[in-house]
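Visitor: Below is the structure I would like to discuss, written out as structure tokens.
Just so it is clear, none of the values below were taken in a lab; they were calculated from the coordinates. Every value quoted in this text rests on a predicted model; they were computed, and no experiment measured them. Cβ coordinates were reconstructed from backbone atoms using ideal geometry, including for glycine residues, and neighbour counts include every protein chain displayed.
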Amino acid sequence: MEMVNLTIDGQEVQVPKGSTVLEAAQKAGIDIPTLCHLKDINKIGACRVCVVEIEKARGLQPSCTYPVTEGMVVRTNTAMVREARKAVVELILSNHPMECLTCSRSTDCELQALAKKLGIKEIRFQGENSNFPMDTSNPAIVRDPNKCILCRRCVAVCNEVQGVGALGLNERGFNSIVAPAFQHPLSEVNCVYCGQCVNVCPVGALKEKDEMQKVWEAINDPEKHVVVQTAPAVRAALGEEFGLPIGTIVTKKMVAAIRRLGIDKIFDTDFTADLTIMEEGNEFLHRLQNGGKLPLMTSCSPGWVKYCEQHYPEFLDNLSTAKSPQQMFGALAKTYYPEKCGIDPAKIFSVSVMPCTAKKYERQRPEMMDSGFVDVDAVLTTRELAAMIKEAGIDFNSLPEEDYDLPMGISTGAALIFGVTGGVMEAALRTVYEVVTGKTLEKLDFVEVRGLEGIKEATVDVPPVGAVKVAVAHGLGNAKKLLERIKKGEAEYHFVEIMACPGGCIGGGGQPRVTGPERMSLEDNYLDLRTQAVYNEDKSMELRKSHENPAIKTLYEEYLVKPLGEKSHHLLHTHYQAKPKYQVLAEKEC
Amino acid sequence: MSCQCQGKTGEKESKYEIIDRVVDKYQGQEGSMIPVLHEVQQAVGYLPEDVQAYVAEKMGVPLSEVYGVVSFYALFTTEPIGKYKISICLGTACYVKGSGRILEEFEKKLGIKVGETTKDGLFTLEACRCLGACGLAPVLVVNENVHGRLKITDVPDIIEKYRAMSREEAS
């Protein structure tokens, strides 16, 4: 690798050619503040906060986009630099609503942190303030364009990572606004509610639709029986909200914390993840053996399902009819569970804690009422759960370790890995292999489908069926590439797993945010750290195959009878509908 | 996918056929968004949402990207333009000679604000910067026709002139 030598603040640094001044400074341990910059995602030099002096260059230059050259001399801490950075942030603040105390991002806002870091005590500029309407049009994401600082991180993640392009930068000058085309509300465009924009927003301009109040009210209502489910990926990230290092699994403390919120039963989405494998695995075998539509595509990720409905309706018949674990749980929480425990299902309030914003949308889909009620009454993101734990005054880190309630709290390692990309595929393979061959699987780890590579492929020999070809994609940008390949006949598979978010659910839009500066300072990708934690936990579990879950066996014996049976069909399976990508073109046909 | 009704009658190219033709012409060329939109606007007259969405689909980019470009550049319009576009110069020379008041008079007489089009689709009112005809200040152009050394009292005459022209064409 060709190396370049430069001097930053009198310190000599050697970095690979093609590095930016910002990257070189980081290597030298010199801190340059950033705002719009987001490692691997947004590098456009839009905000000018990271400006530095570079000898022989004109004026000040943004270090996040400026490439290093041999012999370059950089100064990051001069009066001119400090004044320019302050002026830039003051200008942003001069058109920013000063409601920090009540903002959802208070103490967790990158702009606020930056203002403090740069020592901004007053705002010297005064002018007009933006007055855009809020977008509360949909069940998942709230947009407040008045808080937007036009950093365009959300635009980058929506367009370049996800390939959705629901958000863009519209208009010009003071009227500039990050919004869907024509300033339409998100509910009327091709947004899939994945919430990746929410994850990268440095301020309070993008957040999840708050459902915490609804949950508090149910907890306070003595008539309500509140049952909670927690998704696999939540336990791999919740600790970050309480100062624990990224990659800490906090399952048992999380259970203890949720119990102390005053709910009635704490169950596990992992239980229905195992159930999903039973249904989806059998659906796969059924399609394979009866000439059904292949490749079978997973349907656990509601962002992916909506993307398929709007962008690739030609693949709707490939989607598994199995509901997501959240919705399977919801359907059982108001049928099987109350029947078994002698509770009036009308009194049950079912809450799910999800790493996801799209789950808030999924629970409100009209198909999701098979129990005779709304199957899931409220969805909290990982962030919202943390906020409720804090509001309740629970000292998370000193909690004892506690177990889930029975019977819907028993699960396997196969269910746990649903939280990472490749996990559903691996869990399915563990079960499908043993069900088909009748033999015990020697090696449970299907490492080919693990990791953060965008598209992963594997071929598994499942005698007597033969070679089963599978593919895994995470992040909708990668999904698009995979689907195009399949569409053009360039690749053929039997089974495909797609997750809307990069890394799978551990990188979901409802997970704790990892700020721009944090992403810069971490040696590893934070998604890798969460992923590793999940696989380590899987390894330590006694049960690692869904079909070995005793509570699932009992569920079939007592209630469902058999996978793909009549009751399963009614409660655990669903259907999909093509939806127009652009409403205006759907209407154009004469 | 393309709307067929106008195409089948054989009368004229439908707006979606226009887009097909223009986008195909620029196929594979980097940075062709602006020329494509420019040609489509010339042929269709303006760039409403369905036209932008169709361009986006045809070019394989999100609608948000197309709209970002359209809403950035002043030369693109999402509203239909009137048959006669009145552009009043608000450059320095014209302005000091009272073109601002002339613009106000047009707004009053036509019942529209600058940037808008009359309900009958006849007039669009626009303000522009220097037309390079300061000797004629205050000056305006209606489509390609220049009207100079204007007085406020000229306003009704100009409007009537084009109304009459339109009536004549119609008969």
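Visitor: Hey, can you grab everything whose amide H is under 5 Å from the amide H of residue A:51? Only 5+ residues off in sequence or another chain; H modelled, so Pro and N-termini drop out.
Guide: Result for residue A:51 returns A:63.
Visitor: Tell me which residues come under 5 Å, amide H to amide H, from residue B:85 once H is placed; ignore anything under 5 positions away on its chain.
Guide: HN-HN under 5 Å from residue B:85: B:124, B:143.
Visitor: Turning to a different aspect of this structure: Could you give the nm distance between label points at residue B:96 and residue B:145, where each point is 7 Å from its Cα heading toward the beta carbon?
Guide: A separation of 3.0 nm, rounded to one decimal place.
Visitor: Moving to a separate point now. Report the full-extension gain for the segment residue A:490 to residue A:437: residue separation times 0.36 nm, less the Cα-Cα distance, to one decimal in nm. Present the calculation step by step, with values, prior to reporting the outcome.
Guide: On the way: separation 53, 0.36 × 53 = 19.08 nm, distance 2.98 nm.
Going from the current span to full extension adds 16.1 nm.
Visitor: Take the cross-link list A:265/A:439; B:15/B:97; A:17/B:58; A:253/A:360; A:214/A:545; A:323/A:581 and give me the ones stretching past 31 Å between alpha-carbons. Working shown, then result.
Guide: On the way: A:265/A:439 37 Å; B:15/B:97 42 Å; A:17/B:58 39 Å; A:253/A:360 24 Å; A:214/A:545 36 Å; A:323/A:581 23 Å.
Beyond 31 Å: A:265/A:439; B:15/B:97; A:17/B:58; A:214/A:545.
Visitor: At 20 °C and a viscosity of 1.002 mPa s, what translational diffusion coefficient does Stokes-Einstein give for the range A:20-105, taking Rh as the Kirkwood radius over Cα pairs? Give it in µm²/s as a whole number.
Guide: Details: Rh = 13.9 Å.
Rounded, D is 154 µm²/s.
Visitor: Let me ask another. Give me a single rounded figure for A:179-189: the average over its residues of other chain Cβ atoms within 10 Å of their Cβ. Show your work: numbers first, answer last.
Guide: Details: counts 4, 4, 13, 10, 2, 4, 0, 0, 0, 0, 3.
Shielding by partners across A:179-189 averages 4.
Visitor: Under 5 Å between amide H atoms, partner at least 5 residues away or on a different chain: which partners does residue A:349 have, H built in plane at 1.01 Å?
Guide: Distant-sequence amide H within range of residue A:349: A:225, A:226, A:227.
Visitor: Shifting gears a bit: In whole Hz and in residue order, list the ³J(HN,Hα) couplings for the range A:280-289 that follow from phi through the Karplus curve 6.51 cos²θ - 1.76 cosθ + 1.60, θ = phi - 60°; x for Gly and Pro.
Guide: 6, x, 5, 4, 4, 4, 4, 5, 5, 8
Visitor: Can you grab the distance from the C-alpha centre of the range A:571-587 to the C-alpha centre of the range A:218-289, Å, no decimals?
Guide: Computed from Cα coordinates, the inter-centre distance equals 28 Å.
Visitor: Still on this model: Express as a percent, rounded to the nearest 5, the fraction of DSSP beta bridges in the range A:212-572 (both residues included) that run antiparallel. Walk me through the intermediate numbers first.
Guide: Details: 8 of 30 bridges.
Antiparallel bridges: around 25 percent, rounded to the nearest 5.
Visitor: Classify the range A:450-505 as rounded, prolate or oblate, taking a ≥ b ≥ c as the square roots of the eigenvalues of its Cα gyration tensor: rounded when a/c is under 1.5, otherwise prolate if a/b is larger than b/c and oblate if not. Working shown, then result.
Guide: On the way: a/c = 2.81, a/b = 1.48, b/c = 1.90.
Oblate shape, in that a/c is at least 1.5 and b/c is the bigger or equal ratio.
Visitor: Please identify the GluC sites (Glu not before Pro) of the range B:62-171 that satisfy two criteria: DSSP loop assignment and at most 12 other Cβ atoms within 10 Å. Which are they?
Guide: B:144
Visitor: If you don't mind, there's one more thing I want to ask. Place the peptides A:318-325, A:12-19, A:192-199 in order of packing, highest mean first, counting for every residue the other Cβ atoms within 10 Å and averaging per peptide. Mind showing how you got there, number by number?
Guide: On the way: A:318-325: 24.6, A:12-19: 15.1, A:192-199: 28.9.
Listed from highest to lowest mean packing, they are A:192-199, A:318-325, A:12-19.
Visitor: Which value, in debye to the nearest 20, gives the size of the charge dipole of chain A about its Cα centre, when Lys and Arg are +1 and Asp and Glu are -1 at the Cβ?
Guide: Details: 67 positive and 78 negative charges, 266 e Å.
Result for chain A is approximately 1280 debye, rounded to the nearest 20.
Visitor: Assuming a ≥ b ≥ c are the square roots of the Cα gyration tensor eigenvalues, decide whether the range A:141-208 counts as rounded (a/c under 1.5), prolate (otherwise, with a/b larger than b/c) or oblate. Walk me through the numbers on the way to the answer.
Guide: Values: a/c = 1.36, a/b = 1.18, b/c = 1.16.
Because its axes are fairly even, with a/c under 1.5, the range A:141-208 counts as rounded.
Visitor: Could you tell me how many degrees, from 0 to 90 and to the nearest 10, lie between the Cα long axis of helix A:476-487 and the main elongation axis, the longest principal axis, of the Cα atoms of chain A?
Guide: Computed tilt is about 60 degrees.
Visitor: Let me ask you something else. What does the highest-first list of A:459-466, B:75-82, A:496-503 look like by mean Cβ count within 10 Å?
Guide: Working: A:459-466: 13.1, B:75-82: 15.5, A:496-503: 28.6.
Peptide ranking by packing, descending: A:496-503, B:75-82, A:459-466.
Visitor: Need one number: % antiparallel among DSSP beta bridges in the protein assembly as shown, to the nearest 5.
Guide: Numbers: 36 of 67 bridges.
Close to 55 percent.
Visitor: Considering every residue in A:131-142, what mean count of other chain Cβ atoms within 10 Å of its Cβ is obtained?
Guide: Details: counts 0, 0, 0, 0, 0, 0, 0, 0, 0, 0, 0, 0.
Partner Cβ neighbours, averaged per residue: 0.
Visitor: With each run of n ≥ 4 DSSP H residues scored as -39500 (n - 2.57), what mean residue ellipticity at 222 nm is computed for the protein assembly as shown after dividing by its residue count and rounding to the nearest 500 deg cm²/dmol?
Guide: -10000 deg cm²/dmol
Visitor: Whole Å is fine, so just give me how far the alpha carbon centre of the range A:15-44 lies from that of the range A:85-134.
Guide: Here the two parts' Cα centres lie 23 Å apart.
Visitor: Considering only chain B, what is the antiparallel percent among its DSSP beta bridges, to the nearest 5? Show your work: numbers first, answer last.
Guide: On the way: 7 of 13 bridges.
Beta bridges within chain B, antiparallel portion: roughly 55 percent.
Visitor: Moving to a separate point now. List the trypsin sites (Lys or Arg not before Pro) within the range A:247-317 that DSSP assigns to loop and that have no more than 10 neighbouring Cβ atoms inside 10 Å. Numbers along the way, then the final one.
Guide: On the way: sites: A:252, A:253, A:259, A:260, A:265, A:287, A:293, A:306; in loops: A:293.
Taking the range A:247-317 and a limit of 10 other Cβ atoms within 10 Å, no loop trypsin sites (Lys or Arg not before Pro) are found.
Visitor: Any idea which of A:380, A:276, A:565 is furthest toward the positive side of the dipole for chain A, if Lys and Arg beta-carbons carry +1 and Asp and Glu beta-carbons -1?
Guide: A:380
Visitor: Can I ask one more? Run through all the Cα pairs of the range A:311-458 and give the fraction in each 10 Å bin from 0, expressed as whole percent.
Guide: 9, 26, 36, 23, 6, 0
Visitor: Starting from the coordinates of the alpha-carbon atoms of chain A, obtain the Kirkwood hydrodynamic radius over all distinct pairs and give the value in Å to one decimal. Don't skip to the answer; put the middle values down first.
Guide: Numbers: mean 1/r = 0.0397 Å⁻¹.
One decimal place: 25.2 Å for the Kirkwood radius.
Visitor: Another question about this same structure. So how far, in whole Å, is the C-alpha centre of the range A:384-429 from the one of the range A:455-532?
Guide: 21 Å
Visitor: Looking at the range A:330-398, which GluC sites (Glu not before Pro) are DSSP coil and have at most 16 other C-beta atoms within 10 Å of their C-beta? Spell out each step's value before the answer.
Guide: Details: sites: A:339, A:362, A:367, A:384, A:391; in loops: A:367.
Listed in order of number, the matching sites are A:367.
Visitor: Taking only the Cα atoms of chain B, how large is their convex hull per residue, in Å³? Provide the component values of the computation, followed by the final result.
Guide: Details: hull volume 23.7 nm³, N = 171.
Cα convex hull per residue, to the nearest whole number: 139 Å³.
Visitor: Decide, for the range B:26-108, between rounded, prolate and oblate: order the square roots of the alpha carbon gyration tensor eigenvalues as a ≥ b ≥ c, take rounded if a/c falls under 1.5, and otherwise choose prolate if a/b is larger than b/c, else oblate. Working shown, then result.
Guide: Values: a/c = 3.15, a/b = 2.47, b/c = 1.28.
Taking the square roots of the gyration eigenvalues as a ≥ b ≥ c, the range B:26-108 is prolate.
Visitor: Shifting gears a bit: Using only the Cα atoms of the range A:404-531, construct the convex hull and provide its projected area averaged over every direction, in square nanometres to one decimal.
Guide: Values: hull surface 40.7 nm².
Over all viewing directions, the range A:404-531 projects a mean Cα-hull area of 10.2 nm².
Visitor: Not counting the cut sites, what is the longest span of chain B without trypsin sites (Lys or Arg not before Pro) that DSSP labels loop and that have at most 15 other Cβ atoms within 10 Å?
Guide: B:13-112
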